[in-house]
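The values are calculated or read from the model by the stated rules, or taken from the named source; none is laboratory data. Keep in mind it's a predicted model, so treat the numbers as computed, not measured. FYI the Cβ positions are ideal-geometry reconstructions off the backbone, even for glycines, and counts take in every protein chain you see.
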Amino acid sequence: MAEAPKAPEAKGAAQKKRKTTIPEFVNQVRTETSKVVWPTREETVRTAIFVFIFMVVLALFFFGVDSLFNAVVNFLLTLA
């Protein structure tokens, strides 16, 4: 059975294993951070309000479900 020819090792393979120095890392972080599109204050406030409202709605929902289960369990316990 014929074997597939092996790909020659790339010269960059040895360079990929090289560790990044701290100054290089800091420069890379600064470069990537400058590419980020940061939300405006209005977007941040709007999102925070939405999260708060959604949290209240979910809290009320789970409170209702918990109260319903509590009522059902208490009713079943009174039957025994």
### So LEU58, is it modelled with pLDDT under 95 and of a type outside the set (D, E, K, R)
no
The residue from VAL37, VAL51 that alone is at pLDDT 95 or above and of a type in the set (A, V, I, L, M) is VAL51
Scanning the range 21-61 for residues that are loosely packed, with under 10 Cβ neighbours inside 10 Å and among the acidic types (Asp, Glu) gives GLU32, GLU42
In the set GLY12, GLY64, the lone residue that is at pLDDT below 95 and of a type outside the set (Lys, Arg) is GLY12
